[in-house]
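Here is the structure we will look at, set down as structure tokens.
The values are calculated or read from the model by the stated rules, or taken from the named source; none is laboratory data. Because the structure is a prediction, the values reported are computed rather than measured. Note that each Cβ is placed from the backbone with ideal geometry, even for glycine, and that neighbours are counted across all protein chains shown. Note: areas computed on protein heavy atoms with side chains; ligands, DNA, RNA excluded. Shrake-Rupley method; radii C 1.70, N 1.55, O 1.52, S 1.80 Å.
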Amino acid sequence: MKKHNVFIMMICAISTALFALSGYAEESSLFAGWEGKWVSSHALNSDPAMEPGFEAIAKAAKNKTAEDVKTFLASMYASDFGAMELIGNTITYYDLGGATVKATCEYSDAGKESTTFTNKDGNKHEFFWYMFSLKSGDAACKEYSNLIMTEIHGHEGGMDHWHMRYGEMGLKKLMNYPNAMWWPTLLRGDTTVEQALDNTLKNAEEMASMLE
């Protein structure tokens, strides 16, 4: 009977240890907060169906044309990939069409740093840049050597999204990038052009304020 009890206790202890290790593995997953596939706003905005959104922003802005809006957004959301998938410590980048793999890269944690964004009205918004450095990957990963990423968020009921910057330059330089309005933005991977257009139309006035 005693041997039976000891055996049961051993099983419980092993199960507890495995559960703890499993929890640790989940917590240590580098991109747990961004897990899944995401589509680039830049790729969505390249679709001709987004034209009514650009026109709505131009109408809400002062002395701007739809072409001005397209040029501005292309600069702000610029990315050379159309989608990305984050799993564990790895990111797979896809081409602008979102189907062909460009690179699969593994990263290590490089910490996080608080920063402040000041809008045109002088209002300050504090947030964190989460930083990651390339650990391993193929040659194509070089252009994605360093990443800085925000948490997933939404503005007043808008679509979930997050921002990032990437490149071979150092993390500090990415944080203080010369073009302060470079904000590559990622939306849920199942986001359609129709949803993106609807979101743009709803937020046309707010987006127009960025052009002033």
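Here MET175 sits with roughly 30 square angstrom of accessible surface, probe radius 1.4 Å. Positive contributions from Lys and Arg (+1) and negative ones from Asp and Glu (-1), summed over other residues with Cβ under 9 Å from the Cβ of PHE81, come out at -1.
Surface analysis of the stretch 149-212 yields an accessible area of 55 Å² per residue, using protein heavy atoms and a 1.4 Å probe. Take the Cβ atoms of HIS153 and MET210, set R0 to 22 Å, and the FRET efficiency comes out at 0.80. For the pair THR65 and GLU51 in one chain, pulling the backbone fully straight at 0.36 nm per residue adds 3.9 nm over the alpha carbon distance.
Here the stretch 107-179 is treated with +1 on each Lys and Arg Cβ and -1 on each Asp and Glu Cβ, and its dipole about the Cα centre works out to around 280 debye.
Once neighbouring chains are kept in place and the probe is 1.4 Å, which whole percent of the accessible area of the stretch 133-179 is contributed by carbon and sulfur? C and S atoms contribute 49 percent here. Solvent-accessible area of the stretch 38-82 (1.4 angstrom probe, protein heavy atoms only): carbon and sulfur portion equals 53 percent. Among the listed pairs LYS70/LYS142; LYS64/LYS172; LYS64/LYS202; LYS62/LYS173; LYS64/LYS102, a Cα-Cα separation exceeding 24 Å is found for LYS70/LYS142; LYS64/LYS172; LYS62/LYS173; LYS64/LYS102.
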